[in-house]
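Below is one structure, written out as structure tokens; comments come after it.
The values are calculated or read from the model by the stated rules, or taken from the named source; none is laboratory data. Treat the numbers as computed from the prediction; the structure is a model and nothing was measured. Note that we place each Cβ from the backbone using ideal geometry, even for glycine, and neighbour counts take in every protein chain shown.
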There are 2 protein chains.
Amino acid sequence: MRVSRAQAQANREMVINVASRLFRERGFDGIGLKDLMKGAGLTQGGFYKQFESKEDLAALASRRAMESATRRWSSAIASSPDPLQEVIDFYLSAGHRGETGDGCPLVALGSDAARQSAEVRRPFEDGIKAHLQVLEELMPAGGAGDVSSKAMAALSLMVGAVTLSRILVDEKLSDRLLEAAAAEMKRIAASEPAD
Amino acid sequence: MRVSRAQAQANREMVINVASRLFRERGFDGIGLKDLMKGAGLTQGGFYKQFESKEDLAALASRRAMESATRRWSSAIASSPDPLQEVIDFYLSAGHRGETGDGCPLVALGSDAARQSAEVRRPFEDGIKAHLQVLEELMPAGGAGDVSSKAMAALSLMVGAVTLSRILVDEKLSDRLLEAAAAEMKRIAASEPAD
DNA sequence: ATTATCTATAGATCTATAGATAATGC
DNA sequence: ATTATCTATAGATCTATAGATAATGC
């Protein structure tokens with residue numbers, strides 16, 4: 001029954017990874033410890049030897065999800081000649097809209113996160129700050145408004161757009177909303193009216 | 001024990017109103033039927049004579065919450081010489097950020113709603129469409145982009161901004177984010193860079 | 001000997017149903 | 001007689017804990 005320390009550590013990491021996906025898919029209250037542990041091939045009883053509480057896991061899984069999302073942004077930017085367009089293309093896409101378990105945690109858990117304790121909200125906050133830093137680098141200095149404000153507006157726009165696009169049953173409207181947000185993103189970055 | 005038909009109808013409405021608040025405060029999975037009924041001064045047992053299921057109540061309460069939010073927008077607009085500013089002032093405010101139970105359902109339940117069945121998502125969709133119509137009237141025709149796209153971007157921006165502002169533990173950053181979104185709203189409406 | 005994970009369980013809560021109660025409405 | 005609401009309960013699930021088991025690590 002007992003496994004090596006290395007395996008135990010790997011199991012712990014596995015549980016956090018599984019949780020970061022399942023919490024995004026079903027919400028913090030939508031999945032129980034039994035299913036979270038089962039997702040990692042373990043049973044419920046071992047949970048409290050690895051984690052203090054479900055809330056503790058929620059905080060760890062949220063941090064991991066946000067860090068993964070930030071890495072995704074960074075790598076999208078590093079690999080493209082038009083970094084802003086790259087971010088817009090993957091974030092405001094039908095693919096991301098459908099990808100609830102692996103997509104942006106701010107979209108998958110935004111309203112859930114707002115109801116959590118500071119312990120769980122902090123990882124989201126750190127992730128938001130990291131996202132804003134990435135966005136600031138994509139915003140041209142000078143022009144209208146400071147880059148910090150532009151980044152905050154841009155992140156709000158993108159998170160809001162994908163959230164709304166996931167709620168909509170009307171797929172055409174959902175598509176149009178993502179397109180409208182993409183167009184607006186370019187306007188924010190360009191600091192001038194489109195067309 | 002039995003009450004008049006009029007009273008029974010009033011009780012039903014009361015449960016829906018209570019639910020529209022409590023779901024927003026705690027999420028669909030964060031409150032049980034017992035507490036929902038208790039909030040209306042009733043007991044759990046009567047629930048299924050009034051509603052088909054918890055999901056049925058979720059749909060009804062979501063519709064009521066969205067309709068109430070739409071009315072709030074309409075009345076803010078009707079009563080002001082600068083309607084857009086009025087919407088920005090109440091929506092992107094610290095007051096609205098703190099008002100989870102009575103504030104915008106798209107913010108309070110956005111990520112929860114995205115995980116619900118079409119039955120529950122539809123009321124949100126109808127509310128989104130109503131909000132977009134109101135916003136379209138506030139967007140000047142001509143200029144950059146069509147009013148429909150501008151309204152979609154504006155709603156996404158506002159919903160995203162208040163959602164993020166509620167997650168943030170850092171209140172100063174939360175305030176600045178709301179301000180940045182307000183500034184961006186004016187740019188969208190004006191169709192030209194600020195400053 | 002230590003300990004990672006297991007089975008088992010406590011005690012609370014969840015949605016939903018059954019049947020009793022008592023007031024309405026015919 | 002009908003019916004809105006009540007108490008009570010079924011059966012499932014939730015978080016958390018207790019103690020057994022068996023493999024690791026000294």
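Overview of results
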quantity	calculated
Residues (without any contact (Cβ under 8 Å) to a residue 24 or more places away in the chain and touching a helix residue (DSSP H, G or I) at 6+ places or on another chain (Cβ under 6 Å)) located in segment A:124-134	A:Leu132
Boolean, A:Leu57 is part of a loop (DSSP other than H, G, I, E, B), more than 8 Å from DNA strand D (Cβ to nearest atom), more than 14 Å from chain B (Cβ to nearest Cβ) and surrounded by 14 or more Cβ atoms within 10 Å (Cβ to Cβ)	no
Failed criterion for A:Ala113 (all others in (1) over 17 Å from the mean Cα position of the chain (by Cα); (2) among the small types (Gly, Ala, Ser); (3) assigned to a helix (DSSP H, G or I); (4) facing chain B (nearest Cβ under 7 Å) hold)	(1)
Filter pass, B:Ser68 being more than 16 Å from DNA strand D (Cβ to nearest atom), within 14 Å of another protein chain (Cβ to nearest Cβ) and among the small types (Gly, Ala, Ser)	no
Residues of segment B:67-83 satisfying the condition of being among the aliphatic types (A, V, I, L, M) and either under 14 Å from the mean Cα position of the chain (by Cα) or at pLDDT 95 or above (or both)	B:Ala69
Residue within segment B:48-58 that is more than 9 Å from DNA strand C (Cβ to nearest atom), in contact (Cβ under 8 Å) with a residue 60 or more places away in the chain and either in contact with a strand residue (DSSP E or B) (Cβ under 7 Å, 6 or more places away or on another chain) or not β-branched (Val, Ile, Thr) (or both) present	yes
Where A:Lys129 falls short, out of the listed (1) more than 26 Å from A:Glu171 (Cβ to Cβ); (2) more than 8 Å from chain B (Cβ to nearest Cβ); (3) assigned to a helix (DSSP H, G or I)	(2)
Flag for A:Met14 being away from DNA strand D (no atom under 16 Å from the Cβ), part of a helix (DSSP H, G or I) and within 14 Å of chain B (Cβ to nearest Cβ)	no
From A:Ala19, A:Ala65, A:Ala76, residue being surrounded by 21 or more Cβ atoms within 10 Å (Cβ to Cβ), assigned to a helix (DSSP H, G or I) and more than 16 Å from DNA strand C (Cβ to nearest atom)	A:Ala65
Selection status of A:Ala19, touching a Phe, Trp or Tyr at 6+ places or on another chain (Cβ under 6 Å), within 13 Å of DNA strand D (Cβ to nearest atom), away from every other protein chain (no Cβ under 14 Å) and touching a residue at least 24 places away in the same chain (Cβ under 8 Å)	no
Residue list for segment A:146-172, filter: in contact with a helix residue (DSSP H, G or I) (Cβ under 7 Å, 6 or more places away or on another chain), of a type outside the set (A, V, I, L, M, F, W, C) and surrounded by fewer than 21 Cβ atoms within 10 Å (Cβ to Cβ)	A:Ser148, A:Asp170
Tally of residues being crowded, with 20+ Cβ neighbours inside 10 Å and either at the interface with another protein chain (Cβ under 10 Å from one of its Cβ atoms) or of a type in the set (Asp, Glu) (or both) across segment A:133-144	0
